[in-house]
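Some notes on the structure that comes next.
The values are calculated or read from the model by the stated rules, or taken from the named source; none is laboratory data. For clarity, every value in this text was computed on a predicted model and none was experimentally measured. Heads up, the Cβs are rebuilt from the backbone with ideal geometry, glycines too, and the neighbour counts pull from every protein chain shown.
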């Protein structure tokens, strides 16, 4: 059976969505690399590490170093960012000092110089690990002075840059979620999955951040969509469903096209990065609806130009064929597959965050939630 293996080509998309009260947009075409023929598998799933705490992000350097992060969602975690050794053990990264902030010691350590609630880690092509800290423990109040983007030089294991976000970017109710770095090294793009919903453009040279598409339909929870896992709707004990805006994000290998999707949504969107960076009004008109996918937490654009999505509703990893999201791996061990990163050998690392098993959604669930890191290897 031949699949249209990569991504996002084929056919005109539906009309691009406008932003809030702006005028109706013109029709737009999905921007994408050309499709490739082939089959997406088969794959095998290997456990790479087990953790005592709830993991979300994963990053793999070109040299094969693996990093993970643990947000302060329901507990005061002892490590925020760690390097994973080959035996699965953890080493606080870049050092213990950056990982020493605690909820109980908030008045003693400056949040600006410590990790507060790290949500994602990403390795770029220039020898850096980028750490995104929305500084909102429990996805609640943003700790004053804590929201930041930290660049760590992998060669020296030292913090080389800290870009701190003010209330214009990390306003109360926001939750900076995931990040991708342009191959030029000049710009980064972040999703805000919080109450506002936005794509944040960061000038890495100047250390400046500007929200884009804030309030735009493409960055908001999708109306009528509820998340279900194993047939059970995901709701808090008081009956409220989980609602989250723009979450998973991916960038084409040439850096020209950005893709994203709301966690509470089934629609994949894209835009030319040049338009997103230069003109907010034009960007609102040029958002393209790529297609209907699945509930997706994480997106990954592989070096081969393939777009993968984590699918928490059915414990699977899916590949966007250009027309639909097809499963390439489904396994009950992938309990809420979260973030992905590609290794130098083409394997895909994926975290299983067990989000739906949290006390947020299950009365009496333990606060400390063990989780795993897996590796998807092509057989």
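Restricting attention to region 185-199 and to residues that are under 15 Å from the mean Cα position of the chain (by Cα) and in a loop (DSSP other than H, G, I, E, B), the residue that is surrounded by the fewest Cβ atoms within 10 Å (Cβ to Cβ) turns out to be 194.
Inside region 200-214, can you point out the residues that are assigned to a strand (DSSP E or B) and in contact with a helix residue (DSSP H, G or I) (Cβ under 6 Å, 6 or more places away or on another chain)? Once the filter is applied, which keeps residues that are assigned to a strand (DSSP E or B) and in contact with a helix residue (DSSP H, G or I) (Cβ under 6 Å, 6 or more places away or on another chain), region 200-214 yields 201, 212. I'd like to check something: does region 139-146 contain any residue that is crowded, with 21+ Cβ neighbours inside 10 Å and touching a helix residue (DSSP H, G or I) at 6+ places or on another chain (Cβ under 8 Å)? Scanning region 139-146, I find at least one residue that is crowded, with 21+ Cβ neighbours inside 10 Å and touching a helix residue (DSSP H, G or I) at 6+ places or on another chain (Cβ under 8 Å), so the answer is yes.
Can you say whether residue 124 is surrounded by 23 or more Cβ atoms within 10 Å (Cβ to Cβ), in contact (Cβ under 8 Å) with a residue 12 or more places away in the chain and within 18 Å of the chain's Cα centre (by Cα), as far as the supplied structure shows? When the stated conditions are applied, residue 124 does not pass them.
Could you tell me whether residue 173 is under 20 Å from the mean Cα position of the chain (by Cα), on the phi > 0 side of the Ramachandran plot, surrounded by fewer than 24 Cβ atoms within 10 Å (Cβ to Cβ) and not in a loop (DSSP other than H, G, I, E, B)? Criteria not met by residue 173.
For every residue, the table says whether it meets (1) in a strand (DSSP E or B); (2) modelled with pLDDT of 95 or more; (3) surrounded by fewer than 24 Cβ atoms within 10 Å (Cβ to Cβ); (4) in contact with a helix residue (DSSP H, G or I) (Cβ under 8 Å, 6 or more places away or on another chain).
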site	(1), (2), (3), (4)
115	no, yes, no, no
118	no, yes, no, no
151	yes, yes, yes, no
161	yes, yes, yes, no
167	no, no, yes, no
183	no, yes, yes, no
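Answer yes or no as to whether residue 131 is over 15 Å from residue 246 (Cα atoms), at pLDDT 95 or above and in contact with a strand residue (DSSP E or B) (Cβ under 7 Å, 6 or more places away or on another chain). When the stated conditions are applied, residue 131 passes them. Counting only strands (runs of 3 or more DSSP E) that sit wholly inside region 322-379, those with at least 3 residues that are surrounded by fewer than 23 Cβ atoms within 10 Å (Cβ to Cβ) and touching a strand residue (DSSP E or B) at 6+ places or on another chain (Cβ under 9 Å) are 325-330, 371-378.
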